[in-house]
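Below you'll find the structure, written out as structure tokens, and then a few comments.
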Amino acid sequence: MIKKFLIFIVLLSSEVYSVELDGIISDSEWLDAQRFDSFNTVYPFSLKKAPKQTETYILSNEEGIFIGFKNYQPAESMNSIKSSRDVMNDSDANVVVIDFANSGVEAFEFVINSSGSLIDGTFTNGNDLSRDWDGNWMGAVIKEDDYWSSEIFIPWTVATLPLNKSEYRPIRIMFGRYIYEDNVWISTIKSSYSRNEFLSKLTPIKIKNYSSSKLSFFPYISSQADSVPGTELTRVGADIFWNTGDGRQINATFNPDFGQAESDDLVVNFSAQETFFNEKRAFFTENHSLFTLKDRDKFTVINTRRIGSKPDYNCSQTVDEDACNASEKTYSDLDYAFRLTQKKNDFDIGLFVASESDEPFSKGKEFVAFRSRAKIGKTTFGHVITNVNNEFTGNSSTVNAIDFDKIYSDKIRVASTMLSSKVENNNGYGFKASVRYRPNRNNNTNTTLRYFDKNLDLNDFGYLKDADYFQLSSRSSRQNTSYSDESNINMSELSVWWSLSGDTKGNTNPFFINPQFEYFYKDGSKFNAFITLKTSGKNTTITRKNELYPFAKIKSSKSITADYEGVISRDLEYDWRVSFDRSPKYNTWDSKGYRKSFFKFGTKYSIDENLTMSVNFIAKKEKEWLRWLQENEFSSSDLSRREISFNLNWFRGLKHELRLKSQFIALKSQSPKSLVSNQQGYLGQNNKTVLPFDIGQAAFQLRYKYEFAPLSNVYLVYSRGGNIDLEDQDDAYSNLFQEAWSNPSNEIISIKIRLKY
């Protein structure tokens, strides 16, 4: 019955195109195509003529855009390894970047490697790449004795295109190719992802223009059983995506399933900063690039992982406290989410709304965001306003952000973001401004100033790593791409990064400077060595912004790190990393000085193009590891960490994928000493007792995925996670791994079917 149902869905989803997607570049099909065959080397950025011949073709009709590549090279030099969607590996590959609006503001990336695996992403702000997006496009490859070729089909509805009623549509485009044998990227434009001007350098062309609207319906059904609490859950819902064909796209989801088919990595976080996790849920990554406004790891104005997070509870104030405690959940269900975007040439607007479900002892939150963006010449302006209404707490938060990006020339680019927040009666402000200066193709300097006052709060809807924070930082680099053909070095880079930061009251963190040397070799190997020097100063975040004890004074430090990624053969790779840190002793307590050693070794082996395995091992040891306990109390202990991970990916064709992902972490804190700081931040001995502790964490996921039609999948998932936290014990690492595995916090078997109509 299930087999017949899947066959029906495949037939329903199947379409016949005027260009047969078989990877074969036949003259009859591509007779009217535009042809491009001039490529230059952009990695390393030498701009030399491409080492191997490549021919690219593009044509369009009422179905969409068809792109073909013919990549000349001997069959024995080809490298093909299958990967999950959006996972880059060392396979030969073709890439297309298209700015459908011809604006230089946003573009879409389409990559197909020589095994047929697909990768895609979106570009914003000149060259910021995100691979969260999964578009509805297709591709195929074929290999011959002296070349391999690929065909890509991009429907008109893959993105929101501004309305254009003329016979030809102007777009900007780049064709590229990765050649594994030479370890180079080649491109039809003399720019790359790392350049200030990337989107603005895409080649302007005209293709035959067609308007197309499409309504896509993604119903799903999922069922899961967790044997630890003994719970079962079955859900039915749907995502709806409507591209109207005139620059508008409407997305909605009802009773959505936000169970994770993709698991997050394990994190043990003792710092004052929250851990940021990327979005993996399909609805929130589709057509979302307009709402993306972020600054590296410092802030994100809209962090969709906030939607559906743990509800607020106050069980001690309820009539039935036991029932409240028993009903607590780690996530919120959603009633619906809605997103509308409209693009008109150089002006884009968007509306985003989401509503969480009420719980028996809590109430869901309401999320609203409005985004606008315009481009005038080489200047882009934008504004976003967000609001979160928390009916349970009675609080409301509003955030405004204004962004500005101007490319003055090939040499200078300026970008800034102004932020304001209002949470209850507290108003907060902040800004980030950066200047990128590239006087020539080999030299680059990026200088950034950040200031976030103590009341700035983005965390109801967004993410802010630190409030009450300022930073002035700069990174300068110089590349050398002029190595001879006989040299085994592809490129080298010397860079220096420095940073001065602190809180807004003038308390400064240690100033640090970080010189770095990197060598990139023609066989794909990489070597990286850097030194980090920090002055003594104040740690302004460790006490969690305590008013009486706002910082702790720490000693200067120096560290040296070496990292190497080696290639033994096209099937076997390995990498290692070593790092050593040193700080002088404190004179105010029984200190011998901070010491840290870090070792990492990993290897990846591809048995064939269908089966890849990887293993990683990490060992870290710290002397006088400083841990905040409460207010002005700390502990100093010997901390050691062991981490083992094993991953396996097996493919049968391009439809079946079996993935195993496992990670085990063990931490041991021994010989703790109790410390206390005074109001000047000086650390001293404390007479309180601090116990040693052991922590073990384990995570395991076995996932089978069957793609029976484009963007229509069946998932079968087994996942298990556990953790153990022991005080005043000294257990072996192997026992901590075993105990974390033997004491699971969850053990879930789930099945999910998501269809596309």
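When Leu654, Leu658 are checked against the criterion of being in a loop (DSSP other than H, G, I, E, B) and over 30 Å from Thr540 (Cβ atoms), a single residue qualifies: Leu654.
Within the range 233-258, residues that are in contact (Cβ under 8 Å) with a residue 60 or more places away in the chain and closer than 23 Å to Gln342 by Cβ reach partners that are charged (D, E, K, R) and surrounded by fewer than 18 Cβ atoms within 10 Å (Cβ to Cβ) with beta carbons closer than 7 Å, at six or more positions or on different chains, in the pairs Asn243/Lys214; Gly247/Lys344. Only residues that are over 29 Å from Gly245 (Cβ atoms) and either among the hydroxyl-bearing types (Ser, Thr, Tyr) or in a strand (DSSP E or B) (or both) were counted in the range 342-370, giving 6. In this structure, does Thr543 turn out to be touching a residue at least 12 places away in the same chain (Cβ under 8 Å), among the β-branched types (Val, Ile, Thr), surrounded by 17 or more Cβ atoms within 10 Å (Cβ to Cβ) and in a loop (DSSP other than H, G, I, E, B)? Answer is yes for this residue.
Picking from residues in the range 546-572 that are at pLDDT below 95 and charged (D, E, K, R), the one that is surrounded by the fewest Cβ atoms within 10 Å (Cβ to Cβ) is Glu547. On inspection, Lys553 passes the criterion of being in a strand (DSSP E or B) and over 20 Å from Asn480 (Cα atoms).
Take the conditions (1) modelled with pLDDT under 90; (2) surrounded by 14 or more Cβ atoms within 10 Å (Cβ to Cβ); (3) farther than 25 Å from Thr124 by Cα; (4) not aromatic (Phe, Trp, Tyr); Asn269 misses just one of them, which is (2). Tell me, please, whether a residue that is within 22 Å of the chain's Cα centre (by Cα), under 30 Å from Leu660 (Cβ atoms) and part of a loop (DSSP other than H, G, I, E, B) can be found in the range 60-80. Scanning the range 60-80, I find no residue that is within 22 Å of the chain's Cα centre (by Cα), under 30 Å from Leu660 (Cβ atoms) and part of a loop (DSSP other than H, G, I, E, B), so the answer is no.
Quick check: anything in the range 353-371 within 30 Å of Pro170 (Cα to Cα) and modelled with pLDDT of 90 or more?
There is at least one residue in the range 353-371 that is within 30 Å of Pro170 (Cα to Cα) and modelled with pLDDT of 90 or more.
None of Asn425, Asn459 is under 30 Å from Ile307 (Cα atoms), of a type in the set (S, T, N, Q) and crowded, with 16+ Cβ neighbours inside 10 Å except Asn459. Against the numbered list (1) touching an Asp or Glu at 6+ places or on another chain (Cβ under 6 Å); (2) among the polar types (S, T, N, Q); (3) farther than 26 Å from Glu286 by Cα, Thr231 comes up short only at (1). Checking Arg373, Arg305, Arg339 one by one, the residue that is among the basic types (Lys, Arg), part of a strand (DSSP E or B) and within 21 Å of Gly237 (Cα to Cα) is Arg339 and no other. Scanning the range 280-308 for residues that are at pLDDT below 90 and among the hydroxyl-bearing types (Ser, Thr, Tyr), we see that the one that is surrounded by the fewest Cβ atoms within 10 Å (Cβ to Cβ) is Thr285.
Looking only at residues in the range 366-404 that are in contact (Cβ under 8 Å) with a residue 40 or more places away in the chain and charged (D, E, K, R), the one that is farthest from Thr318 (Cα to Cα) is Lys378.
For the range 716-731, the candidate set comprises residues that are surrounded by fewer than 19 Cβ atoms within 10 Å (Cβ to Cβ) and out of contact with any helix residue (DSSP H, G or I) (no Cβ under 9 Å at 6 or more places or on another chain); within that set, the residue that is nearest to Ala666 (Cα to Cα) is Asp725.
The residue that is farthest from Tyr57 (Cα to Cα), counting only those in the range 208-239 that are surrounded by 17 or more Cβ atoms within 10 Å (Cβ to Cβ) and hydrophobic (A, V, I, L, M, F, W, C), is Ala238. Among the residues of the range 81-98, those that are in contact with an Asp or Glu (Cβ under 7 Å, 6 or more places away or on another chain) and either over 15 Å from Trp133 (Cα atoms) or in a helix (DSSP H, G or I) (or both) comprise Ile81, Lys82, Val95. Restricting to the range 308-331, name every residue that is assigned to a loop (DSSP other than H, G, I, E, B), under 35 Å from the mean Cα position of the chain (by Cα) and not aromatic (Phe, Trp, Tyr). Within the range 308-331, Gly308, Ser309, Lys310, Pro311, Asp312, Asn314, Glu328, Lys329, Thr330 meet the criteria.
Checking the structure you have, find out if any residue of the range 683-699 is within 23 Å of the chain's Cα centre (by Cα), at pLDDT 95 or above, of a type in the set (A, V, I, L, M, F, W, C) and surrounded by fewer than 17 Cβ atoms within 10 Å (Cβ to Cβ). There is no residue in the range 683-699 that is within 23 Å of the chain's Cα centre (by Cα), at pLDDT 95 or above, of a type in the set (A, V, I, L, M, F, W, C) and surrounded by fewer than 17 Cβ atoms within 10 Å (Cβ to Cβ). In the range 431-460, the residues that are under 19 Å from Thr398 (Cα atoms) form Cβ pairs under 6 Å with partners that are aliphatic (A, V, I, L, M), at six or more places apart or across chains, as follows: Phe431/Met418; Phe452/Ala467; Lys454/Ala467; Leu456/Ala467; Asp457/Val423; Leu458/Val399; Leu458/Leu464; Asp460/Val388. Selection of strands (runs of 3 or more DSSP E) fully inside the range 103-186 by the criterion of at least 1 residues being under 24 Å from the mean Cα position of the chain (by Cα) and farther than 18 Å from Asp22 by Cα returns 106-113, 118-124, 128-130, 168-179.
Yes or no, residue by residue, for (1) more than 23 Å from Lys752 (Cα to Cα); (2) hydroxyl-bearing (Ser, Thr, Tyr); (3) part of a strand (DSSP E or B):
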| site | (1), (2), (3) |
| --- | --- |
| Ile205 | yes, no, yes |
| Tyr220 | no, yes, yes |
| Gly237 | no, no, yes |
| Phe241 | no, no, yes |
| Asp246 | yes, no, no |
| Gln249 | yes, no, yes |
| Thr253 | no, yes, yes |
| Val268 | yes, no, no |
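Give me a count of the residues in the range 566-609 that are touching a strand residue (DSSP E or B) at 6+ places or on another chain (Cβ under 9 Å) and farther than 23 Å from Lys621 by Cα. The total comes to 13.
In the set (1) in a strand (DSSP E or B); (2) among the hydroxyl-bearing types (Ser, Thr, Tyr); (3) within 26 Å of the chain's Cα centre (by Cα), the condition left unmet by Ser559 is number (3). The residues in the range 139-183 that are surrounded by fewer than 19 Cβ atoms within 10 Å (Cβ to Cβ) and either among the basic types (Lys, Arg) or over 24 Å from Pro204 (Cβ atoms) (or both) can be counted, and the count is 9. Restricting Val368, Val353 to residues that are over 29 Å from Asn164 (Cα atoms), surrounded by fewer than 18 Cβ atoms within 10 Å (Cβ to Cβ) and touching a strand residue (DSSP E or B) at 6+ places or on another chain (Cβ under 7 Å) narrows the list to Val368. Just one of the listed residues (Ser117, Ser130, Ser77) is surrounded by fewer than 20 Cβ atoms within 10 Å (Cβ to Cβ), polar (S, T, N, Q), in contact (Cβ under 8 Å) with a residue 24 or more places away in the chain and under 30 Å from Thr292 (Cα atoms), namely Ser130.
Summed over the range 702-756, residues that are among the hydrophobic types (A, V, I, L, M, F, W, C) and not in a strand (DSSP E or B) total 7.
The values are calculated or read from the model by the stated rules, or taken from the named source; none is laboratory data. All values reported here derive from a predicted model rather than from experimental measurement. A quick note on method: Cβ atoms are made from the backbone with ideal geometry, for glycine too, and the neighbour counts reach across all protein chains shown.
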